[in-house]
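Participant: I have a structure here, written as structure tokens, and I will follow up with some questions on it.
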Amino acid sequence: MKRREFIRKSSSLIALPFLPLPFEREKFKIRTVVLDPGHGGKDPGTIGKYLKEKDVVLKIALRVGEYIEKNVPEVKVVYTRKTDKFIELNERSAIAMRNKADLFISIHANAIANPATYGTETWVMGLHKSEENLAVAKRENSVIMYEDNYEQHYEGFDNSTESIIMMSLIQNAYLESSVKFADKIEKQFKNKAGRHSRGVKQAGFVVLYKTATPSVLVESGFLSNQAEEKFLGTDDGQDLIASGIYRAFKEYKSEVESIN
């Protein structure tokens, strides 16, 4: 891509309101969290032998919300969906913007060709560090193909390196906070829930880059792994994942607000 064309496309990607720096946000309390169960409706997400991603992650997200609403009632919980409904990626981030979210949590389940692969991952918006990271981002970003008029909604985005660089720059103001929260989630999964943590990773996710707030994408396990699919299909398994996210949220909230 020629430099002039790249700049032109880049400008369309960054036509957003001014994004406040993290230290400007941290003088406020965390009042609103947006929970985003991935996929839904005509978009099933990844499909295991018995389970569909859209169903599993909705149950987990609703349970996370229940924990927050019951135990941290001063925090408003907003869901991008509470039923089996298709929500465009563009609208998910718009929900966060409209509600002035202080934290955005997108919940997913993974899949890969190798059925032996298992474990949790928590992703933040950033540059792809490997072909594997790029593959995960491309799979999640391919959801836009279900959307009407996606060419207009995502003008300038094509999953290329140039597009990902510009998305990363937009979200860069919140990278440190996002990584901090993601790390707390993975520690909860490993130390409290007894899951195999594959760590905190970075890649270019469309659903994260316009949220204008600390944001993470949680991969709760691999539906392509027989044992993990079975785990995620149980109430206990879903509760372990949900309670891990909730405890990480409480820890992050306490840490952020103690800075004030």
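Participant: For segment 74-87, which residues satisfy the criterion of being surrounded by fewer than 20 Cβ atoms within 10 Å (Cβ to Cβ) and either within 19 Å of S243 (Cα to Cα) or at pLDDT below 95 (or both)?
Facilitator: Those that are surrounded by fewer than 20 Cβ atoms within 10 Å (Cβ to Cβ) and either within 19 Å of S243 (Cα to Cα) or at pLDDT below 95 (or both): E74, V75, K76, V77, V78, Y79, K82, F86.
Participant: Specify the residue that is surrounded by the fewest Cβ atoms within 10 Å (Cβ to Cβ); the eligible residues are those in segment 231-245 that are within 13 Å of L58 (Cα to Cα) and of a type in the set (G, A, S).
Facilitator: G233
Participant: If I filter segment 96-110 down to residues being of a type in the set (A, V, I, L, M, F, W, C) and within 17 Å of Y246 (Cβ to Cβ), which single residue comes out as farthest from the chain's Cα centre (by Cα)?
Facilitator: Once the filter is applied, the top-ranked residue is A101.
Participant: Tell me which residues, restricted to segment 214-249, are part of a helix (DSSP H, G or I), aliphatic (A, V, I, L, M) and closer than 24 Å to R31 by Cα.
Facilitator: Hits for segment 214-249 are I241, A242, I245, A248.
Participant: Take the residues in segment 111-126 that are within 15 Å of the chain's Cα centre (by Cα) and at pLDDT below 95; name whichever of them is surrounded by the fewest Cβ atoms within 10 Å (Cβ to Cβ).
Facilitator: G126
Participant: Please determine whether any residue of segment 250-258 is of a type in the set (S, T, N, Q) and crowded, with 18+ Cβ neighbours inside 10 Å.
Facilitator: no
Participant: Next up: Any idea which of V179, V136, V200 is at pLDDT 85 or above, farther than 20 Å from I95 by Cα and part of a helix (DSSP H, G or I)?
Facilitator: Of V179, V136, V200, the one residue that is at pLDDT 85 or above, farther than 20 Å from I95 by Cα and part of a helix (DSSP H, G or I) is V179.
Participant: Right, here's the next one. Quick one: in segment 187-232, of everything that is among the charged types (D, E, K, R) and under 27 Å from K100 (Cβ atoms), which residue is nearest to the chain's Cα centre (by Cα)?
Facilitator: E219
The values are calculated or read from the model by the stated rules, or taken from the named source; none is laboratory data. Quick caveat: nothing in here was measured; it's all calculated off a predicted structure. Neighbour counts are summed over all protein chains in view; Cβ atoms, including those assigned to glycine, are modelled from backbone coordinates with ideal geometry.
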